[in-house]
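Notes follow once the structure below has been shown.
The values are calculated or read from the model by the stated rules, or taken from the named source; none is laboratory data. Because the structure is a prediction, the values reported are computed rather than measured. So basically every Cβ, Gly included, is an ideal-geometry build from the backbone, and we count neighbours across all protein chains shown.
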Amino acid sequence: MNKIREKILLLLLGGLALGLCYTPYQQKKVFRIVSNQWKKIDQKKLREGISYLYKLGLVSREQKRRGVFCIFPTAKARLWLLEKKLHDISSKKQKWDRKWRMVAFDIPEKYKTGRDALRRKLKEIGFCELQKSVFVTPHECKNEIIELIKFFDLDKHVRFGVLNYIDNEIRLKDFFKLS
C-alpha cells in the first residue's frame, strides 16, 4: 500500500481513537495529531487515495446532506491496522523487562474458526506455544492482544497475564534469543 493511502487509513482510524479516549487531554492530543497530519496531505492525492481505498473495501462512505459524504474505515481496515500493530510487536527492539506475557484460552468448538485464527496469529507474531492453548512472549503487547481478542469476539474465553516466573525459562530464553 502506498504511503498516502496508508496515511489516510491511519488518520481515519485516528478518528476512531478519538472516540475511545477517556480524558479531554487524550482527546486533545489525538485531535491535534490527526488535524496536523490532514493538513499535510495534498488535496488531489487525498481524493485519489480515498477513491482507491473505497475500491479496495477499506473505507465506506455515507451521504449525509447536500452532497456531503462521511468516510468510515471498514472492518477490513481495522483488521489491516491491527495486523500492522501486531507486526510491530516482535519487530520492536526493546530491552526485556524480565517478564513473560501469556495468552491462555479455552475456546468452545462452536468458535473453532476464531480459535484457529487466534492461534495462527499468535504464532505469526512470534509467540512461543507452551501448550495447545497457552502462548508466551517477552514483548510488551497487552493492548494489541486485547484488541485482537475483541476483534475475534473471544474475550469470554481468552485470558492475558504477565508472569514473573516460569519454570522452563531457559528454553524460552533460547527460543527468543534472550540473555
Original post:
So, in the range 3-50, of the ones that are in a loop (DSSP other than H, G, I, E, B) and surrounded by 11 or more Cβ atoms within 10 Å (Cβ to Cβ), which residue ends up modelled with the highest pLDDT?
Top reply: ILE41
Original post:
How about the range 91-115: which of its residues are assigned to a helix (DSSP H, G or I), closer than 30 Å to ILE170 by Cβ and of a type in the set (D, E, K, R)?
Top reply: ARG115
Subject >> Selection count, the range 67-124, where residues are hydroxyl-bearing (Ser, Thr, Tyr), more than 17 Å from LEU9 (Cα to Cα) and at pLDDT 85 or above >> reply: 2
Original post:
Within the bounds of the range 83-90, is there any residue that is aliphatic (A, V, I, L, M) and either free of Cβ contacts under 8 Å to residues at least 40 places away in the same chain or over 30 Å from ASP174 (Cα atoms) (or both)?
Top reply: no
Subject >> From LYS55, LYS84, LYS76, residue being assigned to a helix (DSSP H, G or I), over 11 Å from the mean Cα position of the chain (by Cα) and within 24 Å of ILE125 (Cβ to Cβ) >> reply: LYS76
**OP:** Scan the range 87-120 for residues that are surrounded by 13 or more Cβ atoms within 10 Å (Cβ to Cβ), closer than 13 Å to PHE152 by Cβ and either within 17 Å of the chain's Cα centre (by Cα) or of a type in the set (S, T, N, Q) (or both) and jot them down.
**Re:** VAL103, GLY114, ALA117, LEU118, ARG119
